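Let me begin by presenting the structure, written as structure tokens, before commenting on it.
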Amino acid sequence: MNGTMKSPRLNAVKVRLSDSAVLAGAVSLLYALALMVCPRAFPALLERIFAWEHFFTAFAVLLVVINEVLLVLISRRRGQRLGLITPVYIAFLTIAVVLDFRLLVSAADAQAPLSHLFLRAASRVRDGISSEELLVYTHLATVSGIFLPYLLVRVTQNYVSDASSAGQDAKVRSAVTGQ
Amino acid sequence: MRVWFPIESLWWLGLYAAFGVLVPWMLRWTRKGRSGLDTSPRKLYRRGELGLFGLLLAISAVLDLRKSGLPNQLILTNSVILISCGLMAASAWLEDYSRASQGLANPDRRTWVDSGKLLFLVLSVAFTTEVLLEHTAEVWQR
């Protein structure tokens with residue numbers, strides 16, 4: 001067999017959107033259930049955790065672990081070999097989503113006292129982001145932290161596979177021409 | 001511990017599920033005797049129609065969000081995520097439609113499973129959004 005045929009291909013695991021949809025939906029439902037069961041304790045707990053300085057780091061680590069476990073389960077179920085590129089890509093995208101939400105929450109946190117100072121619009125005096133806003137942001141970050149990385153992988157995986165196949169074909173063609 | 005029931009959200013969800021999924025299925029079921037049709041939901045929604053329903057559900061939740069008193073950036077972020085989920089659900093139907101229009105085969109089971117799972121995502125996110133809106137409204141009324 002020709003040596004070029006044995007060269008390693010870019011091993012991107014194929015995912016389907018529905019793979020992550022069930023997990024993201026179940027987490028979202030659990031979130032609603034927690035709010036229904038503990039309507040006062042759950043927001044208070046979330047606010048207390050948010051005050052902890054490593055909140056976003058812990059959140060990002062948790063989401064990355066969840067997404068990587070999901071990826072392993074998907075690749076095992078489909079019988080695909082899990083390379084390095086997809087897990088790293090998923091971890092990168094998950095951290096990017098959490099960072100985006102960190103920016104949004106920080107902006108909202110900084111905006112609250114400013115709007116109170118200049119606009120005097122809010123009847124309630126707030127020093128920072130309210131627990132209701134935090135509830136909504138955390139829900140969105142959790143759902144999108146699971147769903148969006150897989151959505152982006154799904155959107156880009158065809159290009160990665162096509163580029164990989166095209167590169168492989170070009171190598172084979174040049175090897176044949178060289179012979 | 002006092003459990004809180006978001007009555008409006010449950011009512012809203014029940015109404016949409018009834019008119020979007022149950023009523024069409026029941027209409028089909030009532031015609032079973034006369035025409036001998038296969039009345040299983042899988043057969044009825046095999047082309048990914050559940051995904052289209054998911055998009056409608058997402059749009060209705062976004063309209064509810066716009067009426068809420070939440071800050072604009074929060075409404076925008078929530079709307080973008082809801083619409084993304086809705087569009088992905090609708091893409092299950094679109095994929096099947098495109099393949100069918102080009103004469104390509106698309107396994108019914110895959111479309112049915114994908115649209116069902118993506119509808120579950122939209123339903124969950126929309127329901128939780130409504131629960132959060134109801135909770136926020138109650139807290140702000142106090």
Original post:
Restricting attention to segment A:98-150, and to residues there that are hydroxyl-bearing (Ser, Thr, Tyr) and assigned to a helix (DSSP H, G or I), which single residue is modelled with the lowest pLDDT?
Top reply: A:Ser115
Subject >> Filtered residues of segment B:18-34 (kept if part of a helix (DSSP H, G or I) and more than 12 Å from the chain's Cα centre (by Cα)) >> reply: B:Leu22, B:Val23, B:Pro24, B:Trp25, B:Met26, B:Leu27, B:Arg28, B:Trp29, B:Thr30, B:Lys32, B:Gly33, B:Arg34
Original post:
in a helix (DSSP H, G or I) and touching a Cys at 6+ places or on another chain (Cβ under 6 Å), is that true of B:Val131?
Top reply: no
**OP:** Can you give me the number of residues within segment A:29-74 that are in a helix (DSSP H, G or I) and in contact with a helix residue (DSSP H, G or I) (Cβ under 8 Å, 6 or more places away or on another chain)?
**Re:** 25
**OP:** Under 8 Å between Cβ atoms, at least 6 apart or on separate chains: pull out the pairs that start in segment B:96-124 with a residue that is away from every other protein chain (no Cβ under 12 Å) and surrounded by 14 or more Cβ atoms within 10 Å (Cβ to Cβ) and end on any residue that is assigned to a helix (DSSP H, G or I) and aliphatic (A, V, I, L, M).
**Re:** B:Asn106/B:Ala100
Original post:
In segment B:35-55, how many are surrounded by 16 or more Cβ atoms within 10 Å (Cβ to Cβ) and in a helix (DSSP H, G or I)?
Top reply: 9
Original post:
Does B:Leu15 fit the bill of being assigned to a helix (DSSP H, G or I), of a type outside the set (S, T, N, Q) and at pLDDT 85 or above?
Top reply: yes
Original post:
Quick check, is A:Leu29 surrounded by 15 or more Cβ atoms within 10 Å (Cβ to Cβ), within 14 Å of chain B (Cβ to nearest Cβ), free of Cβ contacts under 8 Å to residues at least 24 places away in the same chain and within 22 Å of A:Phe101 (Cα to Cα)?
Top reply: yes
Original post:
Exactly one of (1) out of contact with any Cys (no Cβ under 7 Å at 6 or more places or on another chain); (2) touching a residue at least 24 places away in the same chain (Cβ under 8 Å); (3) within 13 Å of chain A (Cβ to nearest Cβ) is unmet by B:Tyr45. Its number?
Top reply: (3)
Subject >> Unique match (being over 22 Å from A:Asp19 (Cα atoms), among the hydroxyl-bearing types (Ser, Thr, Tyr), away from every other protein chain (no Cβ under 13 Å) and in contact with a Phe, Trp or Tyr (Cβ under 9 Å, 6 or more places away or on another chain)) among B:Thr77, B:Thr39, B:Thr30 >> reply: B:Thr39
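The values are calculated or read from the model by the stated rules, or taken from the named source; none is laboratory data. Source: prediction; values computed, not measured. Neighbour counts run over all protein chains shown; Cβ positions are idealised from the backbone, glycine included.
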